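Colleague: Just dropping this structure here.
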Amino acid sequence: MSAEQAHGSSVEVAARAERRWAAIAVIIIVGMALLAAFAGIHQATMPQPRVETTDPSRIHLSGEFVESNLGSVLEDNGNVTVRAIGQQYSFTPACIVVPVDTPITLRATSADVVHGILIQGTNINTMLVPGYISEQLMRFTRTGDYLMPCQEFCSFGHEGMWGKVKVIDKTEFASRAKTGGRLSCVGQ
């Protein structure tokens, strides 16, 4: 084999290898695009069902997020609704109490900057944007305490912005709910 033939042969081998790698890269990109489309179409990304707004400068004064309306409440249909506010550098209420094996709707907003609610050990993760109400459906399958840090950097002091979710037995929650009003585990 002459030097020219050896050089031509190695060029062909390199060209084939490059075509294979280019094909693999295209397949990966197309696969990722298909996965993203599938997740978006089947709501695996959990988009908001509707956009609700609120005036962040007035949330403490009137409407759904006044202080007396924050916490957990047992609805007539047996579901639980939790209302909360994220603000520098705390969640209000700081401790949320909910029953196990019950549909729960978390409705939350921010009073100042973007915050995030992440309930550790679950797939519950939502952003709190000033002026918008975030709604997250959830259900806990076991009792216990779950940490709830702010997972969006909100300024200095962010690292101390933690809350807690206390999941209790259904009957205990129902007996607490009989007294009326909003439930929380702040101070417990």
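The values are calculated or read from the model by the stated rules, or taken from the named source; none is laboratory data. Since we're looking at a predicted model, the values are computed, not measured. When we count neighbours, we look across all protein chains shown, and the Cβ atoms used for this are built from the backbone with ideal geometry, even at glycine. Heads up: the accessible areas ignore ligands, DNA and RNA and are worked out on the full protein's heavy atoms, side chains in. Shrake-Rupley method; radii C 1.70, N 1.55, O 1.52, S 1.80 Å.
Colleague: Considering only DSSP beta bridges where both residues belong to segment 69-111, give the percentage that are antiparallel (nearest 5). Intermediate values should be presented prior to the final figure.
Modeller: Values: 7 of 14 bridges.
If we restrict to bridges inside segment 69-111, about 50 percent are antiparallel.
Colleague: Another question about this same structure. Relative to the Cα centre, what is the charge dipole magnitude of segment 86-188, using +1 at the beta carbon of each Lys and Arg, -1 at the beta carbon of each Asp and Glu, and rounding to the nearest 20 debye?
Modeller: Details: 9 positive and 8 negative charges, 81 e Å.
Dipole of segment 86-188, to the nearest 20 debye: 380 debye.
Colleague: Give the cross-link partners of LYS178 among the lysines, using a straight C-alpha distance below 19 Å as the criterion and excluding same-chain residues fewer than 8 apart.
Modeller: Of all the lysines, those that pass the test against LYS178 - Cα under 19 Å, at least 8 places apart if same chain - are LYS166, LYS170.
Colleague: Still on this structure, I have one more. Specify the longest stretch of the chain that does not include any exposed loop site, a site being one of the chymotrypsin sites (Phe, Trp or Tyr not before Pro) with a non-H, G, I, E, B DSSP assignment and at most 15 other Cβ atoms within 10 Å.
Modeller: Details: sites that count: PHE153, PHE156.
Result for the longest clean stretch: 1-152.
Colleague: Here's another thing I want to ask about it. Give me the percent of the accessible area of segment 47-188 that comes from carbon and sulfur atoms, probe 1.4 Å, all protein chains in place.
Modeller: Details: 3670 of 7110 Å².
Here it works out to 52 percent.
Colleague: Using DSSP to call loops (not H, G, I, E or B), can you name the trypsin sites (Lys or Arg not before Pro) in segment 44-153 whose Cβ has at most 13 other Cβ atoms within 10 angstrom? It would help to have the intermediate numbers written out before the result.
Modeller: Numbers: sites: ARG50, ARG58, ARG83, ARG107, ARG139, ARG142; in loops: ARG50, ARG58, ARG139, ARG142.
The qualifying sites are ARG50, ARG58, ARG142.
Colleague: Only one of the values [x] 1.57; [y] 1.14; [z] 1.19 was calculated from this structure for Cα Rg over 2.2 N^0.38 Å; name its label.
Modeller: [x]
Colleague: Counting GluC sites (Glu not before Pro) as exposed when in a DSSP loop with at most 16 other beta carbons within 10 Å, what is the longest stretch of the chain free of them?
Modeller: Of all site-free stretches, the longest is 76-188.
Colleague: To the nearest 10 Å², what's SER90's accessible area with a 1.4 Å probe?
Modeller: 40 Å²
Colleague: Take SER175 and ASN77, extend 7 Å from each Cα along the Cα→Cβ direction, and tell me the distance between the two endpoints in nm.
Modeller: Distance between the two pseudo-spin positions: 2.8 nm.
Colleague: Tell me, what is the per residue accessible area of the chain in Å², probe radius 1.4 Å?
Modeller: Values: 11180 Å² over 188 residues.
It amounts to 59 Å² per residue over the chain.
Colleague: Among bridges DSSP assigns within the chain, what percent are antiparallel (round to 5)?
Modeller: Values: 26 of 39 bridges.
The antiparallel fraction comes to roughly 65 percent.
Colleague: Something else: Assuming R0 = 22 Å, what is the FRET efficiency of ASP145 and THR105, from their Cβ-Cβ distance, to the nearest 0.05?
Modeller: Numbers: r = 21 Å, r/R0 = 0.94.
Using R0 = 22 Å, I get an efficiency of 0.60.
Colleague: Quick one: Karplus J couplings for segment 129-134, per residue in order, coefficients 6.51, -1.76, 1.60, θ = phi - 60°, nearest Hz, x for Gly and Pro?
Modeller: After applying 6.51 cos²θ - 1.76 cosθ + 1.60, I find 10, x, x, 10, 9, 8 Hz.
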